[in-house]
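Contents: one structure, followed by commentary.
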Amino acid sequence: MKATCPKDPTHKRFITVVHITEEWEVNAAGGFAEIANSDDGELIAGPDAGNTWTCKDCETEAEVTD
């Protein structure tokens, strides 16, 4: 997989979505209270070419190829 900024190909850092687990403290109804332990997250799905990738430097949507 390769991401390229169409505005400036020298830009090499991008923002995209990943899915991780985290433990929450909840109330008796299951409502969020706070994050119980942010250090114990497990990666469920990493970066994917099908996600939107945004250039961190100029906020342009990147072109991503597999």
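No lab work stands behind these numbers, since they all come straight from the coordinates. Every value quoted in this text rests on a predicted model; they were computed, and no experiment measured them. Please note: Cβ atoms are built from the backbone with ideal geometry, for glycine as well, and neighbour counts cover all protein chains shown.
Using the Cα centre of the chain as the reference point, and only Cβ charges (+1 on K/R, -1 on D/E), how large is the resulting charge dipole? Debye, rounded to the nearest 20.
440 debye
Using the Karplus curve 6.51 cos²θ - 1.76 cosθ + 1.60 with θ = phi - 60°, what ³J(HN,Hα) values do you get for each residue of the range 25-35, in whole Hz, with x for Gly and Pro?
Working through the residues one at a time gives 8, 10, 7, 5, 8, x, x, 4, 10, 6, 6 Hz.
Within 10 Å of each residue's Cβ, count the other Cβ atoms and sort Asp8, Asp66 from fewest upward.
Values: Asp8 12, Asp66 7.
Exposure proxy ranking, most exposed first: Asp66, Asp8.
Taking neighbour counts of Cβ atoms within 10 Å as a proxy for exposure, in what order, fewest first, do Lys56, Lys2 appear?
Ascending number of Cβ neighbours within 10 Å: Lys2, Lys56.
Which whole-Hz ³J(HN,Hα) couplings does the range 50-66 yield from phi under the Karplus relation 6.51 cos²θ - 1.76 cosθ + 1.60, θ = phi - 60°, glycine and proline marked x?
x, 7, 7, 10, 10, 4, 5, 7, 10, 6, 7, 5, 7, 9, 10, 10, 6
For Lys12, list the aspartates and glutamates whose Cα falls under 20 Å from its own Cα; do not include residues on the same chain fewer than 8 positions away.
Asp48, Asp57, Glu59, Glu61, Glu63, Asp66
Can you put Cys5, Cys58 in order of Cβ neighbours within 10 angstrom, beginning with the fewest? Kindly include the intermediate steps, with their values, before the conclusion.
Numbers: Cys5 22, Cys58 11.
Arranged by neighbour count, lowest to highest, Cys5, Cys58 become Cys58, Cys5.
Given 0.36 nm per residue, what is the gain on full extension from Glu42 to Thr54 after removing their alpha carbon distance, in nm?
2.0 nm
Evaluate the relative contact order of the chain (contact order divided by residue number), counting alpha-carbon pairs under 8 angstrom at least 6 apart; express in whole percent.
45 percent
Could you pull out every residue, at least 5 positions away or on a different chain, whose amide H is within less than 5 Å of the one on Trp24? Hs are placed 1.01 Å off N in the peptide plane, and Pro or chain starts have none.
Excluding prolines and chain starts, which carry no amide H, the hits are Ala36.
Show the residues, 5+ positions off or on another chain, whose built amide H is closer than 5 Å to the amide H of Asp57.
Arg13
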